[in-house]
1. About its Cα centre, what dipole magnitude does the stretch A:118-245 give when the only charges are +1 on Lys and Arg Cβ and -1 on Asp and Glu Cβ, stated in debye to the nearest 20?
2. Evaluate E = 1/(1 + (r/R0)^6) for A:D298 and A:D213, where r is the Cβ-Cβ distance and R0 equals 51 Å; express this FRET efficiency to the nearest 0.05.
3. Quick one: plug the Kirkwood hydrodynamic radius of the stretch A:118-245 (C-alpha pairs) into Stokes-Einstein at 20 °C, 1.002 mPa s, and report D in µm²/s.
4. Taking 60 Å as R0, compute the FRET efficiency from the Cβ-Cβ separation of A:Q84 and B:T147 and round it to 0.05.
5. Counting only residues 5 or more places away or on other chains, whose amide H sits under 5 Å from the amide H of A:R394 once H atoms are built in the peptide plane?
6. The stretch A:226-328: which GluC sites (Glu not before Pro) are DSSP loop and have at most 16 other beta-carbon atoms within 10 angstrom?
7. How big is D, in µm² s⁻¹, for chain B by Stokes-Einstein at 25 °C and 0.890 mPa s if Rh is the Kirkwood radius over C-alpha pairs?
8. What chymotrypsin sites (Phe, Trp or Tyr not before Pro) in the stretch B:147-222 are in a loop by DSSP, with at most 10 other Cβ atoms within 10 Å of the Cβ?
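Coordinate-derived values only; no laboratory data. Nothing here was measured: the structure is a model prediction, and the numbers come from that model. All Cβ positions, even for glycine, are placed from backbone atoms using ideal geometry, and neighbour counts span all protein chains on display.
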Amino acid sequence: MRMKSKSIAFFGLALIAILVACTAEPEVIIQEVEVTRVVTETVVEEGETIEVTRVVTETEVVEVEVTAAPEEEPMAAEPPSEPQMGGDVRVWLPNGWPEQSWPHRSNWESGWAISPMAETLFWPLADGLEPRLALGYEVSEDGLVYTLNLREGVVWHDGESFTAEDVVYSIELRNSADLRPLNGLRQGTTIQGMVDFHDGNADSIEGIEIIDDYTIQFTLDSPDAGLARLFFAAEMLEILPQHVVSTLDEEEVLNGTSDYWFTNPIGTGPYKFVQYEPDQFIEYERFDDYWGGAPMPDRLFMEISTAEVAIVKLQRGELHLVNPIQATEVQRLQEDGSLEVLIAENSAQWYGMEMNYFTNDGLWQNPKAKQAFLYSIDRQAYVDSILQGQGVVRHSFFDGTVYACPTMTEYNYDPEKAAELWAEIGVVPEEVTIDMMSWLGLNARRDYLPIAQEFLRAQGFKVNVDFIDNSLITDYVQGNGPRGQDWDFHVLLFGPGADPGGILPFITEDSGANWGYRSWPEAPNPETGVKDNAVRYTSPELAALIEQARVETDPQARIEIYQQIDCIWNEELPAFMTASPSFLAARSNMLQGTDWQTNAGLGFWLRMYRPGDLWVWDGS
Amino acid sequence: MSEKPEKFLAPESDSNQGVATLAIEVAAQKIDSPGSRARRRFFRHRLAMFGLVVLIIMGSAAILAPLIAPYDPAAQNLIDFRQPPSAKHWLGTDGFGRDVLSRLIYGARPSLSVGLIAVTFYELIAVILGSLAGYYGGKVDWIIMRTVDVVMTFPSLIIIIFLVAILGPGLRNTIVAIAILRWTEPTRLVRGQILSLREMDYVLAARSLGAKDSRIIRRHILPGVIAPLVVHATFGVATAILLEAALSFLNLGILPPAASWGNMMTAAQELVILEQMPWLWLPPGLAIMLAVLSINFVGDGLRDALDVTRAE
């Protein structure tokens, strides 16, 4: 018992210690202060006692308790209009640098990690293309020949000149049949010989010809309106230095195992690679010979940490930019005077419900069931609560863009209408179980399911929700998860992206695309024998329109075709839209050069600003 | 010895003095049997009593949840989300506008039942395998104990997460995953006890009288194993509650919309909630802490009470 009493006493003391530690502890500082005293002395003089009073001023060292932090002095000035030289920029790198080999890269985070040193031909903007290593292109009248003009005077970080050879080498390596793992051929399939080259049936791409050091000609099999935006400006087509990469061990390059990519890679970007400390940071330094003019800061650090740590470091002034942030953080960070929350409405992506690949018949092939599903759920309440108002409810694939259906039906929350539709198609909710899945990572994605579950339960359905670890996504959607092939939907981030022709062709099985727009299912469709789209949606009408839009080079005519496509989507609902979350980030007031709206329409949340544009204000 | 038996001494004048004295002595021994002595010790253990009271309250709340919870724990009110404690919602509301108090009360159900059922399940496995290994020895012992050694090298939390990921999240699978990873420790305990008990004279006597092995294990050996096993089980319940909380915190435990203390803590993954909305994570956190602490106190009490070498 004595031991027990001691344990309790120890536990109690520990609890008190924690509580005390959590309270603001007064800080003791030592100061020199001038003290004035009135001193009265008794003096015995010639046998007589006399009281003498005098004023004494002296300096004393005293301890002063400070119970609250001294108020910071307000900023003396606004940042100057002209960028300042010097300093270090520190930005957060979410999820680290998982894929270092440029030609093997498949995720955005790794692209962001190399973006200070690597460059693409163009930078896509919401309303056009910004020239980077390419200045522009010309198209022949029949739309079959593209002449690409490259920028002259560009040098690699080792001083060598950039030429057309580098561009062709980069395209060929990225699409090489010997690359392991093989990259999916998603764009550029209309270039003559591209498919043959990717399949290993040709040594070079027939339709790509180097005219001179700064001109390349691309010949197509058929017109391709999305070629420039989706292929020339492809986010993953970083241009490689042929004179360096071709000297590396070929096997290592093809397998992505070369040390080169994280020890001494070079590019043409505004920053030169210095070092990579795994799971800690990537360090870059200014490249003085950058074609666009050297960046202002001396160094740029991309720091790897969890989101929570990144926010704390931002508030402590140890990071300048955290992108992205959760919607729940917005209000709190907006109250911090040293920060600015960057918000851009997003029309390029939305959370949606994708159907189980194996659900190729039954209830969810009926568009009215999908409409009833949408009417059943108060998606605006989801935006207001989970997204904290930082998002917009979407009703069709292109909702929020110029390609949106002009006569769009809005599926706003209407449980009575939902009940009518369920009854009309003979669905008795009490007899139906709906199984939905989300993988972890984004809270906004995960938290849609409990809301949908509750609204569907209110309609009478039995609803199961599974949350699974990211590593199990492929198994689950391929029918190897705990529910086998008997599940209904999963939540995903979806949407038109940088160009309407990007993802859409792969929605319908009739579009001619013979591979999945996502990495699953790996197994081919048992009926057709090919890897096709995930939702197994079939619509010859939609496929015909998609093909029409692909070859239509007149921008206005293209818009009109996509509007027709969107009207079909709006009614048929191959996948269910939920809402577009805004792009949210937070920056220190010291960081300048972020133009947050520029790339909002692209869906590349990591590419909402250019690393070379950033500079640090020193506060003066 | 306590003073109690003296009160029952038979009068000298009793005509059947010898028999009466024997009966009284037997009665006296019954009164102060190991069981009653253990009970007495246990009920005098103040921390164990505290733990027991807390557990009784939590258990009652779990059983009577539909009667005492102010709201349906799954009912969402997306207008009143993340509201601080008020007269309407004593412990505030969560990110879906659900009443935190109601979820806390209902959350006791899976949290406590996972602990109790999983532990019962794996202690049963331990009794069977430990008995076989300890009683028969030889190859049986070698096979079972090497299996135990192998399973004990697994990092349990990671394997449990892996199993739940394969089997799918949910109450039943959480219990199964915990049970099939946690049986090794009590198996060793049972085996160790049986190794010493099987050499006891009364076991030899039973064996020489021709009793079957199953009867010897059941009637003569296992009763001697029960006491340490019960103590181990109590601590096991606490561990299982923590494991369930960890799994649910990772969204791999109890499925929504059901509440468990662990999945209520999931909200604490966001910095803004940690800093500004303690009502979302403090109540389930305290509930887990109190439950585990109480079970450990009860376990301490049982251990002290059942320790025959311990002085009164």
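1. Roughly 440 debye, rounded to the nearest 20.
2. E between A:D298 and A:D213, to the nearest 0.05, is 0.95.
3. The estimated diffusion coefficient comes to 144 µm²/s.
4. Approximately 0.30, to the nearest 0.05.
5. Residues meeting the amide H criterion: A:T578, A:A579, A:S580.
6. Those satisfying the criteria are A:E318.
7. My calculation gives 109 µm²/s for D.
8. Sparse-neighbourhood loop chymotrypsin sites (Phe, Trp or Tyr not before Pro): none present.
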